[in-house]
Amino acid sequence: MELTAQELYERKARSYKLLLLFGMVSILMIFAGFTSAYVVSKSRPDWLKDFTLPSAFIWSTVALLISSISFHFALKAIKSGNHKQTSSLLVTTLALGLTFVFLQFKGFEQVIDQGYFFTGSYSNVTTSFLYIVVLVHILHLLGGIISLLIVIYNHFKQKYNASQCLGIELSAYYWHFMDFIWIYLFLFFYFFK
C-alpha cells in the first residue's frame with residue numbers, strides 16, 4: 001500500500017513533534033534540577049534573604065510573553081495563507097527575542113549595581129544560582145533564535161504555505177516552551193526567597 005504525499009508529511013510531522021517533546025522534557029528536567037538545588041541551598045547561612053530581582057528581568061519577561069504571542073499569530077497567519085503578515089510577525093518575534101536576551105544582561109548589570117556579584121571572592125551563592133540558571137535558559141533560547149532565523153530564511157524562500165508549515169510549527173512549540181520555562185523561573189525567583 002503506497003502512502004500519499006500528505007500521509008507521508010503527517011507521519012514525518014508526528015515523528016518530529018515526538019522528538020521535540022523528548023527534547024523539551026529533557027530541558028524541563030534540567031531546570032527542575034536547578035530549582036531543586038536552589039531550594040536545598042536556601043538553608044545555607046550565606047543565603048541572601050532580602051534579594052529581589054531587578055526590574056530588567058520583569059521587562060524581559062514582558063518582551064518574551066509578547067514574542068510568544070507574535071509567534072502564535074505568525075503560525076495562524078501562515079495557516080491562513082497570509083505570507084506578508086507571517087513575515088512581519090516572525091521578524092517581530094525575533095526582535096522581541098533579542099530584546100529579551102539584551103534585558104537579561106541588563107538584569108545582570110543591575111544585580112552588580114546592587115553590590116552583588118556572580119563569581120569571584122565577592123560572589124554570593126544566591127546570585128551565582130541566578131546567574132547560572134539564567135545563562136542556561138539564554139543558551140536554550142539561543143537555540144530557539146537560531147531555529148527562528150532558519151524559519152525566517154525558509155519563509156522568505158517561500159518554503160511554507162497553509163498546508164506545509166511544519167518548520168514554523170515546531171519552532172513555535174519550542175519558543176512557547178522556552179517562554180513557559182522562563183515564566184516558571186521568573187515566578188520561582190520572584191516569590192521563593
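Tabulated results
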quantity	calculated
All positions within segment 28-72 that are buried (at least 18 other Cβ atoms within 10 Å of the Cβ) and more than 21 Å from F118 (Cβ to Cβ)	A63, L64, S67, S68, S70, F71
Residues of segment 98-139 satisfying the condition of being of a type in the set (V, I, T) and either touching a Gly at 6+ places or on another chain (Cβ under 9 Å) or at pLDDT 90 or above (or both)	T99, V101, V111, I112, I132, V133, V134, V136, I138
Of residues in segment 6-51 being in a helix (DSSP H, G or I) and of a type in the set (S, T, Y), the one farthest from L130 (Cα to Cα)	Y9
Residues of segment 24-41 that turn out to be in contact (Cβ under 8 Å) with a residue 40 or more places away in the chain and either in contact with a Gly (Cβ under 9 Å, 6 or more places away or on another chain) or closer than 23 Å to S123 by Cβ (or both), as a count	8
Matching entry among T86, T4, T93 (being among the hydroxyl-bearing types (S, T, Y) and within 21 Å of I181 (Cα to Cα))	T93
Y160 surrounded by 15 or more Cβ atoms within 10 Å (Cβ to Cβ), farther than 23 Å from G23 by Cα and in contact (Cβ under 8 Å) with a residue 12 or more places away in the chain	yes
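The values are calculated or read from the model by the stated rules, or taken from the named source; none is laboratory data. Every value quoted in this text rests on a predicted model; they were computed, and no experiment measured them. Neighbour counts are summed over all protein chains in view; Cβ atoms, including those assigned to glycine, are modelled from backbone coordinates with ideal geometry.
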